Amino acid sequence: RASAHSSLQLADRVAIISDPHANIGGLALSYKRIKSLGVEQILCCGDLVGYGHEPNEVVEFCRAKSIYSISGNHDRLVCDQSDPEGWNPFALKKIEWTKSVLSEENLTYLAKLPVNMAADDCCLVHGAWSDPDKYLYEERDFFEELENLPTDLVFFGHTHMPSVFQFLL
């Protein structure tokens, strides 16, 4: 079962990625560009698998390149750690296919990913700190989460919509 929280010591130059969804070509290209910028550490906000056709390759790449990842909703569903209710049929079909091709070693790796992570002055979540499957689309969604966050800086995935929100308190 995935652990709820994890902590990690950050390097000086860190890149945050999210939702590679079993796309090894996109992940490898991103990795190459990130490394060309002198980044020392890469963190991922989850969803290593789902949708794409290369789940083993993506998990193995992240493991080989020491890309530290938290668990996304697709990762948890593949490991039977969440409820499929409410998922669209295409995504569920892809989850079943992923289960059929994912190696036991990679499945075990995914099952052990933490749900979220705090490091230094930031945290990584997939959806929300309080609910990793919750979508955070707008600023008002974040206000509900502010009192639950262990840090002032949060990186999240799940929405597939790049956004930056700044709250001055």
- prompt: Considering Ser71, Ser66, Ser30, which residue is surrounded by fewer than 17 Cβ atoms within 10 Å (Cβ to Cβ), of a type in the set (Ser, Thr, Tyr) and assigned to a loop (DSSP other than H, G, I, E, B)?
  reply: Ser66
query: Among (1) of a type in the set (D, E, K, R); (2) in a loop (DSSP other than H, G, I, E, B); (3) open to solvent by 70 Å² or more (accessible area, probe 1.4 Å), where does Lys134 come up short?
result: (3)
task: Give the residues of the range 85-113 that are modelled with pLDDT of 95 or more and either among the polar types (S, T, N, Q) or in a loop (DSSP other than H, G, I, E, B) (or both), sorted by residue number.
output: Thr98, Ser100, Leu102, Ser103, Asn106, Thr108, Lys112, Leu113
message: Looking at Gly52 and the list (1) in contact with a Pro (Cβ under 8 Å, 6 or more places away or on another chain); (2) surrounded by fewer than 24 Cβ atoms within 10 Å (Cβ to Cβ); (3) within 14 Å of Val14 (Cα to Cα); (4) not charged (D, E, K, R), which single condition is not satisfied?
response: (3)
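Conditions tested, residue by residue: (1) at pLDDT below 75; (2) charged (D, E, K, R).
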residue	(1), (2)
Met117	no, no
Asp121	no, yes
Glu147	yes, yes
Thr151	yes, no
Val154	no, no
- request: Test each condition in (1) at pLDDT 95 or above; (2) surrounded by fewer than 15 Cβ atoms within 10 Å (Cβ to Cβ); (3) within 20 Å of Gly52 (Cβ to Cβ) for Arg76 and report the one that comes out false.
  value: (2)
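The values are calculated or read from the model by the stated rules, or taken from the named source; none is laboratory data. Please read these numbers as outputs of a predicted model, since none were measured by experiment. For neighbour counting, all protein chains shown are included, and Cβ atoms are generated from backbone atoms with ideal geometry for every residue, glycine included. Just the protein is used for accessible areas: all its heavy atoms, side chains included, with ligands, DNA and RNA removed. Shrake-Rupley method; radii C 1.70, N 1.55, O 1.52, S 1.80 Å.
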